[in-house]
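To keep things clear, I will list the structure first and then write my remarks on it.
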Amino acid sequence: MNCRPEDMLVYAVTDRAWLKGESLKDQVEKALKGGVTFVQLREKNLDRRLFLEEAATIKELCDSFHVPFVINDDVEIALASGADGVHVGQKDMDVKEARRRLGPGKIIGVSCKTVEQAKAAEAGGADYLGVGAMYPTDTKSDTSQVTVETLKAICRAVDIPVVAIGGIRADRIQPLKGTGADGVAVVSAIFGQPDIEAAARRLKETAEMYLGRHRRRKTVLTIAGSDSSGGAGIQADLKTMLANGVYGMSAITALTAQNTTGVSGIFPVTPEFLAMQIDSVFSDIRPDAVKIGMVSSGELIRVIAERLSYYKAENIVVDPVMISTSGSRLLDEDAVGALKELLLPMAAVATPNIPEAEVLSGICIRSSEDMVRAAEIISREYGCAVLCKGGHRLNDANDLLYRDGGFCWFMGRRIDNPNTHGTGCTLSSAIASGLARGYSLEQAVERAKEYLSGALEAMLDLGSGSGPMDHGFQIP
Ligand SMILES: Nc1ncnc2c1ncn2[C@@H]1O[C@H](COP(=O)(O)OP(=O)(O)O)[C@@H](O)[C@H]1O
Ligand SMILES: Cc1ncc(COP(=O)(O)O)c(N)n1
Ligand SMILES: [Mg+2]
């Protein structure tokens, strides 16, 4: 097999009909930025010299995104352009003939409508199957539909990856859940959209949610305090994880009696009971990432550090929560010391806001240059990456990521919304979700900020103080 099931997740097929003055390269680049996992160049009437040039250009582009690239039908162009393979229909070239001409290392995809065709293609050396049309489509007028049942039967009958094609849109992915299809192939649902990059991203998120035979849903544990008002702490974390496509679990460090106007009480759990919760989770469902939020005492921090190092926990995001948005102090002095000495060194990233970065670095932050200095001090001192959040005081939404001696800014759009209760909890949980799903730290931060902005922009307005955001803004 020359391609992987995960390559099928969002398979983009090009179409000259949608160019509208743009170059194909620009359109494919947008689709790749949106996260498509496979590209097929489909040209029906292009002059051969231009076809070859185009193929070579798109191949180079796909390489830079590490995405496989195949040519529809044309083995000659595939060989001459260095493409990764071809896709052939039933009426086009025979699979065995294609394999003979391309050699063993190239990808060959075959279009199928029945179990018999699927088995024959697999036996002939196909690397993946395109099954459809699943829905009515304008791209191909001469094609008959395939039922969800047939798709399911094909997926059961073969071991190679299967991509569903034909009239697919984001809202038509969920019905394919449980069929065993590894992904969806689309033309107009990407290239026919006004914002190609956003369309690709949305398709990918939906496909990740519902498809994939070989995917286990990623899991994230939050170790944090409960917020009775539901906007911050454990409650914000679990909602964020659900919205970010991971399975969320919790170990509660303390109950807080809290609402949008403030914290009226904190009731910590015992160290033994916190350890029991962490043990229960790790011994059964190992988390792919861990987010640590409010931990009110040094004693509890020591338990967390000990248990997480025992289990060799990965992708730890430490949100050094010290003061709530409403101004209440959430941890004692001894806890600050333990947090620095024990938790920061374990962190893949720590996410202090400006007041917290001041406490951790010991310097006063008045400008973006100060943010860089503070993040550098914390990162050097404790050996972790530091995301210093700019939501406070500087009055922007730009966050600074300092790691391995270098830094970069994540420029957010400042949203005029007084309801920011839980922004820090939400951001750190969204980052942990991204890391669990295999995104790099930079990508995870980028995606987390995008999610947070959406939740703020939804303009939920609850309670009389600084209210919570709408974590479910994508849910109708
Ligand atoms: N009004 C806003 N518009 C957009 N993003 C914001 C806004 N306020 C805060 N953020 C973002 O929310 C995240 C949490 O930041 P911040 O509010 O500083 O942390 P905390 O909630 O821990 O105090 C950061 O990514 C920050 O840039
Ligand atoms: C239980 C709990 N944990 C954390 C916060 C911080 O909230 P924010 O995300 O606004 O910094 C909070 N208010 N309550
Ligand atoms: Mg915070």
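The values are calculated or read from the model by the stated rules, or taken from the named source; none is laboratory data. It should be emphasised that the depicted structure is a prediction, and the values quoted were computed from it without experimental measurement. As a convention, Cβ positions derive from the backbone with ideal geometry for all residues, glycine included, and neighbour counts pool all protein chains shown. Just so you know, the surface numbers come from the protein's heavy atoms only, side chains and all, with ligands and any DNA or RNA stripped out. Shrake-Rupley method; radii C 1.70, N 1.55, O 1.52, S 1.80 Å.
I'd like the full set of residues that are modelled with pLDDT of 95 or more and open to solvent by 20 Å² or more (accessible area, probe 1.4 Å), limited to the range 444-455.
If the condition is that a residue be modelled with pLDDT of 95 or more and open to solvent by 20 Å² or more (accessible area, probe 1.4 Å), then Lys449, Leu452 are the ones that fit.
What strands (runs of 3 or more DSSP E), lying completely within the range 3-73, carry at least 1 residues that are open to solvent by less than 50 Å² (accessible area, probe 1.4 Å), more than 14 Å from Phe191 (Cα to Cα) and among the aliphatic types (A, V, I, L, M)?
By residue number, 69-72.
When residues of the range 216-263 are filtered for being within 12 Å of ligand 2 (Cβ to nearest atom) and either over 19 Å from Ser283 (Cα atoms) or touching a residue at least 40 places away in the same chain (Cβ under 8 Å) (or both), how many remain?
Matching residues across the range 216-263 total 28.
As an exercise: evaluate Gly383 against (1) at positive phi; (2) away from ligand 2 (no atom under 15 Å from the Cβ); (3) not assigned by TED's automatic domain parsing to the domain that holds Met322 and give the number of the one condition it does not meet.
Failed condition: (3).
So which residues in the range 343-380 are outside any loop (DSSP other than H, G, I, E, B), touching a residue at least 40 places away in the same chain (Cβ under 8 Å) and of a type outside the set (S, T, N, Q), if there are any at all?
Leu343, Leu344, Met346, Val349, Ile354, Leu360
Mind telling me which of the residues Ala251, Ala243 ends up being among the hydrophobic types (A, V, I, L, M, F, W, C) and touching a His at 6+ places or on another chain (Cβ under 9 Å)?
Answer to the selection: Ala243.
Can you tell me which residues in the range 244-269 are out of contact with any helix residue (DSSP H, G or I) (no Cβ under 9 Å at 6 or more places or on another chain) and of a type in the set (A, V, I, L, M)?
Leu255, Ala257, Val263, Ile266
For the range 31-84, how many residues meet the condition of being polar (S, T, N, Q) and touching a residue at least 40 places away in the same chain (Cβ under 8 Å)?
Final tally of qualifying residues: 3.
Just give me the residues in the range 403-438 being away from ligand 2 (no atom under 16 Å from the Cβ) and buried (at least 17 other Cβ atoms within 10 Å of the Cβ), in sequence order.
Residues satisfying the conditions are Arg403, Phe407, Phe410, Gly434, Leu435, Ala436, Arg437.
Is it the case that the range 301-319 has a residue that's within 12 Å of ligand 3 (Cβ to nearest atom) and in a helix (DSSP H, G or I)?
No, that holds for no residue.
If you check Ile160, Ile190, Ile154, Ile108, which single one turns out to be closer than 23 Å to Met93 by Cα and part of a helix (DSSP H, G or I)?
Within the list Ile160, Ile190, Ile154, Ile108, the selection yields Ile154.
Hey, Ser280 hits all of (1) among the polar types (S, T, N, Q); (2) within 16 Å of ligand 1 (Cβ to nearest atom); (3) part of a helix (DSSP H, G or I) but one; which does it fall short on?
For Ser280, the failing item is (2).
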